[in-house]
1. Restricting attention to the range B:76-95, and to residues there that are facing another protein chain (nearest Cβ under 9 Å) and part of a loop (DSSP other than H, G, I, E, B), which single residue is farthest from B:GLN170 (Cα to Cα)?
2. Given the conditions (1) of a type outside the set (Val, Ile, Thr); (2) closer than 30 Å to B:SER496 by Cβ; (3) part of a loop (DSSP other than H, G, I, E, B); (4) at the interface with chain A (Cβ under 10 Å from one of its Cβ atoms), and given that B:GLY336 satisfies all but one, which numbered condition is not satisfied?
3. Might you let me know whether the range B:160-170 holds any residue that is away from chain A (no Cβ under 12 Å), more than 21 Å from the chain's Cα centre (by Cα), over 25 Å from A:LYS157 (Cβ atoms) and not aromatic (Phe, Trp, Tyr)?
4. What is the residue count in the range B:137-159 for residues that are surrounded by 18 or more Cβ atoms within 10 Å (Cβ to Cβ) and not in a helix (DSSP H, G or I)?
5. Could you tell me which residue of the range A:121-156 is nearest to the other protein chains (Cβ to nearest Cβ), considering only residues that are among the hydroxyl-bearing types (Ser, Thr, Tyr) and over 27 Å from A:SER9 (Cβ atoms)?
6. Return a yes/no flag: does the range B:103-110 have any residue that is buried (at least 23 other Cβ atoms within 10 Å of the Cβ), closer than 23 Å to A:GLY199 by Cα, more than 8 Å from every other protein chain (Cβ to nearest Cβ) and within 27 Å of the chain's Cα centre (by Cα).
7. Restricting attention to the range B:127-152, report how many residues are out of contact with any helix residue (DSSP H, G or I) (no Cβ under 6 Å at 6 or more places or on another chain) and more than 15 Å from B:GLU91 (Cα to Cα).
8. Quick check, is B:TYR38 surrounded by fewer than 21 Cβ atoms within 10 Å (Cβ to Cβ), within 14 Å of chain A (Cβ to nearest Cβ) and farther than 13 Å from B:MET196 by Cα?
Amino acid sequence: MGIHNRMISPFYISHPFTLFMYYTALFSCIFIFKNPFIILSLFTACCLMAMCYSGMDKFLKSMKWIVLIGAAVLALNILLVHKGSSVMFYLFKNPITKEALIYGLYNMLMLMSVMTAFISFNTLLDSSKFLYLFSNILPKTSFVFDMALRYIPLFKKRASDLAAVQSVNSGKVNKSVREKIQTYGIYLKALTSWTLEEGMDTALSLKVKNYGTFNKVHYARYRYTLRDILLLSVFMAFTLFIYIAAILGNTGFTYYPVTASVGLKDFNLVLYGVTVLVIYLPFINEGIASLKRGFVKLWLQKR
Amino acid sequence: MAPKTLISIKDMGFTYENYIQGKTRNKVALTDINLDIYEGEILLVMGPSGCGKTTLLRSLKKEAAPYGIVTGSIESITDSSKISIVFSNPETQLVTTTVLSDLALAMENLGYDPYTQKKRMSETVSYFGIEDLLHRHPDTLSGGQKQIVSLCSSLMVHPEILLLDEPISQLDPISALEFTDVLRRLNEELGITIVMTEHRPDDVISLANRIVYMERSKIVFQGDTRDVLKNLWETDSSSIRDFLPVVSKCSLLIDKDIPACITPKELKLMIKDYMPINKPVLKEEDKEKDTVSESSEKAVRIRELFFAYGKEKYAIRNLDLDIDKGEFLCIMGSNGSGKSTLLKIISGILKPHIGKAKTSYSKIQYMPQDLNSFFTEDTVHEQMSFKDMDEDLYLSLTEKLYLKEILYKHPYDLSAGEQQKAVLACMLLKKPDFIILDEPTKSMDPSLKRVISQLLKQSEATVVCATHDLEFAANYASRCVMLFNGEIAYSMDARSFFKENRYYTTSVNRAFNQINADMVLYEDVENAFGGK
């Protein structure tokens, strides 16, 4: 799959609000569940989502940093927390405990899950979809935000263009630190006046398009399909369900002083089953769609 | 039946109120304007920079009208919401992150219901065939595409009058033609009235039904296109004649009693009846150029050069190029053929991925396409002056480029043509031996092109210039190369380049090449037909 196929993926083309609810459910799970086993399943789901929708390239590129940060969290927890009853060994007279290791692993997985989830989040709910979510409630704010999103990369590009042109034309190669700071100051000044000057033209072009004369509405870009509503209700009900479970105290896990058993029993087993089913729903969705495509192909070949 | 008058301007005057250092320094922009705009026409407003074209155009729409003292009256039977305006700078008119949101903006602002929005969006986008642009980021579009998107966005509100302020002045000729085709369709198929300003009329002259020629805030001539062209010719002043499109100039030179031609085709049909009186003679400089020996010193030597921006494809591939010291080289080619990339590699901004680019110049000056990235100071004077500057050169450049008026203005407050002048002055003051120009003539008056080419020649520097301006290259370059698909397709001295080309050539050559006359430039026609 990966980035090239995502356009024909049924989950990718879901309504932004459905996607938003999926991520609400996913993030709620990551923060609510304390069981390391469940967190591992969630982390796997986040990785698969990132690989599937953002592509392997992007996934591996981001993973370099995510793994590094995760490892740091794990190491810090092992070295700094000395709680727990099963001491594995002593390091510089400090006890290193099994419980601290397990809690560190849990912490690492939780943090890594959040960061990995954001990789696919950025692809599935890109800026235009994300703004669309808020445009009905805050049309003007979301519009200004959209303008800012357009402007930031433009500013960066202009800064590098300006610096390139100036360095060629000034012909000076070795500059002292003082000179360098001075030049950067000049660039910043020039870029600021450029922005302000252009702002006036932009304001005029908005004015002639009647900006601010009526209540701004938003172009209706997405429509709910039956599938969207179905998925949306599943995600909403599930989110409600796990919050109730959390309030009733069914999502916790004991790490200190002695780590509880990871095994799942009774209600916890049901909870785990439902969670996996809902969080992996996009893949089930994709699977059904690709099976259908396969059958249609077969059917066409037979004819 | 006489056409309906949509807007009628009577004795209008306009003055900008300026307060500089506590004193009132008003600037008169328009005086005694009397003009009617008729339903369904295309009206072209022409004139040198700063003659008041833009002020006149903007006064026609209430929301865009400049601030100042207005006298006289503008009567319009069209509601202001049915008048749309498109400005010259495509950058400032697209403000969001997708083309779709920009297209929808005007409708969103007017609070249209979802059904109307979708209906207008779908029909407009389908009519212009820009469906594949819809989900792209505005920064990935070419200048021409951006301008078409701005136009479509303003058409969503179903305007009756379209005002265009130098819409093609910042576009390359190919994009300019695409844009004018769209305008032609709008006018012919939908009957939308179009009023546009332009100071480079070659590309739009065939569209216009009527022309208004302005000078020093007044209307000097107005009337049917061909009549005004003839009026301009009859003024006998070369600076006014420069505003005529080259084909009209040629036809009026050959026979001023027949209506002026406005397309190369008309000129081609017309000249069949006229035989040239003198054979054009090769200019002396041209002969000199032919004798330039192979062994002359090289300023740049590029061998087997490859360069790519992303992973997908090479923008430049396997390119070999030698640039002799002191030559004026023009790099021609379509959009995206790699011209700007090549210039950036020569200037050292980009490094080649494979291959070598050896350069042997001591002082280089580079003029980027976006001139705003050249300016860092608050006034043109500050931008120009530096320590140990040659005062005499400063004075002579100021005089020759007519910079006196703009010396103490902020560079961003200048028109595009004035900015180009200022940049050239700054560059020449540094006395470089190598000059790189990226599209230097986009919004320049023809007379100015002559001045800058003289100045460049006087500086004795090697000049490398990427340009779409065929007339400029034909007139002033010593050699032209064609960049195609990332490599140099062919290289020739400028005259042979345009003489041998069939499509990619000057309008004079397009008209004359079938009668086997050796004519590439307007000057050749002048020589042959016994001009001055």
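1. Once the filter is applied, the top-ranked residue is B:VAL95.
2. It fails just one condition, (4).
3. yes
4. 4
5. The residue in question is A:TYR151.
6. yes
7. Qualifying residue count, the range B:127-152: 5.
8. no
The values are calculated or read from the model by the stated rules, or taken from the named source; none is laboratory data. Keep in mind it's a predicted model, so treat the numbers as computed, not measured. Virtual Cβ from ideal backbone geometry, glycine too; neighbours counted across all protein chains shown.
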